[in-house]
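Participant: One structure follows; several queries about it will come next.
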Amino acid sequence: MPVIYLDNAATSFPKPPAVAEAMLRYMREVGASVNRGVYASAQDAEMTTLLLREGLCRLFGHNDPACCVLTSGNTMGLNMILRGWLRPGDHCLVSSVEHNAVMRPLQDLAAAGVAFDRVPCDGAGRLDPQDVRRMLRPNTRLVLLAHASNMGGAVQDAAGVGKICREHGVPFALDAAQTAGHWEVDFEGWGLSALSVPGHKGLMGPSGIGALLLSPEFARGLTPIITGGTGSASDMEIQPSYMPDRFESGTPNLPGIYGFQAAVDFVTETGIPALREHETMLTARLLERLREIPEIHLAGPWELEDRVGVVSVDFQNVDNAIAASRLEQEYGILTRCGLHCAPAAHKTLGTFPQGTVRFSPGWFTTPEEVDAATSAVAEIAGQ
Ligand code: PMP
């Protein structure tokens, strides 16, 4: 039985072949660190790291590669924003569909005296930017939103929220876990202060690496949550203040950097419009067939506008975990079931505590694979 991978929202698979080739080249032929040697292989590593920063900036409309910090992943980037910026007495706004990578650090901070509110989203998981304006307080120091929900797939109006934040002088940070590599993200145009992206989802790189793009102003006010050796300013025992060293301590994940760089090249060459067109075509097909199955409930928007290809289904007559297990055992279809680390999103969309079965096609998914999935859903749901 062929395997049909529909769990790209968790991590994309397969990866473009150039990703593994670049990682192998690093392991076999380079092997050096950055900022710590001047020999040729160290310069190779240095150059690849720079190309990665430049490629990410180009992709996300940011014009200062020094302010593109490489992280160990999106969760780290989000923690760096929240823990490095908010202080007791501050207020933060998030949406009502955030991932636990935001909610758990925020709950920790709340225990230490940071206040937060959730901007309500509608039944499809979308917020109204005017509610952000309404809920700002004099002590609001940050608005942080998931650009798209990893549960329902709705994309928020980041440009609209960015405009309101700019008017009120409040920094705006975006968690682009589900939109980086899927959707246009315009750092400068939307007035972002911070953008956190994972390497391993839509950007099609390896796991264990991500990036945090910062505005120079936000970077100056952000406290590093990790300090240590940077290979620079080694005469001092205090952390360098310049970018990106201020936020990059320790020997970096170089195999990851090589793979991520090749992945960002692939995404850039393919182009976001083509990636998005393919995803929209698959999502349209998926939704069209799911609409004909009365025994399922869709958690998220039926419309194609302003949504990514994250399609969550609540089986009405079958336990969702059993449905997901049957999809794998009987049809070879790999999905994710449960609460997807986002209990708040399920509460907002009405699927708490039962969760959903999530289908997320990717760049390498074919229309026939999507059809196989919808036929299997119809069979399981109808029995
Ligand atoms: N935010 C969202 C919206 C996500 O979908 C995810 C990953 N599921 C994360 C944050 C955390 O990303 P990572 O697990 O790659 O650190």
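The values are calculated or read from the model by the stated rules, or taken from the named source; none is laboratory data. Just so it is clear, the structure is predicted and the values come from calculations on it, not from any experiment. Positions of Cβ are backbone-derived with ideal geometry, glycine not excepted, and every protein chain shown enters the neighbour counts. The accessibility values were calculated without ligands, DNA or RNA, using every heavy atom of the protein model including side chains. Shrake-Rupley method; radii C 1.70, N 1.55, O 1.52, S 1.80 Å.
Participant: Looking only at segment 207-222, count how many residues are open to solvent by 60 Å² or more (accessible area, probe 1.4 Å) and part of a loop (DSSP other than H, G, I, E, B).
Facilitator: 1
Participant: Looking at (1) more than 21 Å from P198 (Cα to Cα); (2) open to solvent by less than 40 Å² (accessible area, probe 1.4 Å), find the lone condition where A112 falls short.
Facilitator: Every listed condition holds for A112 apart from (2).
Participant: Would it be correct to say that I226 is in a loop (DSSP other than H, G, I, E, B) and either touching a Ser or Thr at 6+ places or on another chain (Cβ under 6 Å) or within 17 Å of P129 (Cβ to Cβ) (or both)? Steps first, please.
Facilitator: Numbers: in a loop (DSSP other than H, G, I, E, B): yes; either touching a Ser or Thr at 6+ places or on another chain (Cβ under 6 Å) or within 17 Å of P129 (Cβ to Cβ) (or both): yes.
Taking the combined requirement at face value, the residue satisfies it.
Participant: Shifting gears a bit: From the list A101, A42, exactly one residue is under 16 Å from the mean Cα position of the chain (by Cα) and open to solvent by less than 30 Å² (accessible area, probe 1.4 Å). Which is it?
Facilitator: On the way: A42 fails: under 16 Å from the mean Cα position of the chain (by Cα).
Result: A101 is the single residue among A101, A42 that is under 16 Å from the mean Cα position of the chain (by Cα) and open to solvent by less than 30 Å² (accessible area, probe 1.4 Å).
Participant: Just name the residue that is nearest to the ligand (Cβ to nearest atom) out of those in segment 60-85 that are in a loop (DSSP other than H, G, I, E, B) and out of contact with any strand residue (DSSP E or B) (no Cβ under 6 Å at 6 or more places or on another chain).
Facilitator: Let us first name the residues in segment 60-85 that are in a loop (DSSP other than H, G, I, E, B), namely 61-64, 72-73.
Still in the running and out of contact with any strand residue (DSSP E or B) (no Cβ under 6 Å at 6 or more places or on another chain): 61, 63-64, 72.
Details: G61: 20, N63: 25, D64: 24, S72: 8 Å.
Step by step, filter segment 60-85, then rank; the result is S72.
Participant: Name the single residue, out of those in segment 173-206 being closer than 15 Å to A148 by Cα and more than 13 Å from the ligand (Cβ to nearest atom), that is most open to solvent (accessible area, probe 1.4 Å).
Facilitator: Filtering segment 173-206 for residues that are closer than 15 Å to A148 by Cα and more than 13 Å from the ligand (Cβ to nearest atom), the one most open to solvent (accessible area, probe 1.4 Å) comes out as E184.
Participant: Of the conditions (1) more than 13 Å from the ligand (Cβ to nearest atom); (2) surrounded by 23 or more Cβ atoms within 10 Å (Cβ to Cβ); (3) touching a residue at least 60 places away in the same chain (Cβ under 8 Å); (4) within 27 Å of L275 (Cα to Cα), V161 clears all except one; give me its number.
Facilitator: The failed condition is (3).
Participant: Out of curiosity, is D265 touching a helix residue (DSSP H, G or I) at 6+ places or on another chain (Cβ under 8 Å), farther than 20 Å from S149 by Cβ, open to solvent by 40 Å² or more (accessible area, probe 1.4 Å) and outside any loop (DSSP other than H, G, I, E, B)? Give the steps one after another, and end with the answer.
Facilitator: Working: touching a helix residue (DSSP H, G or I) at 6+ places or on another chain (Cβ under 8 Å): yes; farther than 20 Å from S149 by Cβ: yes; open to solvent by 40 Å² or more (accessible area, probe 1.4 Å): yes; outside any loop (DSSP other than H, G, I, E, B): yes.
The answer is yes for D265.
Participant: Hey, any hits in segment 362-376 for a residue that's touching a Ser or Thr at 6+ places or on another chain (Cβ under 6 Å), in contact (Cβ under 8 Å) with a residue 12 or more places away in the chain and either of a type in the set (A, V, I, L, M, F, W, C) or within 16 Å of the ligand (Cβ to nearest atom) (or both)? Reasoning before the result, please.
Facilitator: Quick first cut of segment 362-376, residues touching a Ser or Thr at 6+ places or on another chain (Cβ under 6 Å) only: 362.
Checking the rest, the ones that are also in contact (Cβ under 8 Å) with a residue 12 or more places away in the chain come to 362.
Of the ones still in play, those that are also either of a type in the set (A, V, I, L, M, F, W, C) or within 16 Å of the ligand (Cβ to nearest atom) (or both) are 362.
Yes - at least one qualifying residue is present in segment 362-376.
Participant: Taking the criterion of being part of a loop (DSSP other than H, G, I, E, B) and of a type in the set (A, V, I, L, M, F, W, C), would at least one residue in segment 33-41 satisfy it? First the steps, then the outcome.
Facilitator: Of segment 33-41, the ones part of a loop (DSSP other than H, G, I, E, B) are 33-39.
Of the ones still in play, those that are also of a type in the set (A, V, I, L, M, F, W, C) are 34, 38.
Yes, because at least one residue in segment 33-41 is part of a loop (DSSP other than H, G, I, E, B) and of a type in the set (A, V, I, L, M, F, W, C).
Participant: Is it true that S12 is at pLDDT below 95 and either of a type in the set (S, T, N, Q) or more than 16 Å from the ligand (Cβ to nearest atom) (or both)?
Facilitator: Criteria not met by S12.
Participant: Let me ask something else about it. Say whether the condition of being buried (at least 21 other Cβ atoms within 10 Å of the Cβ), within 13 Å of the ligand (Cβ to nearest atom) and at pLDDT 95 or above is met by at least one residue in segment 126-141.
Facilitator: No, because not a single residue in segment 126-141 is buried (at least 21 other Cβ atoms within 10 Å of the Cβ), within 13 Å of the ligand (Cβ to nearest atom) and at pLDDT 95 or above.
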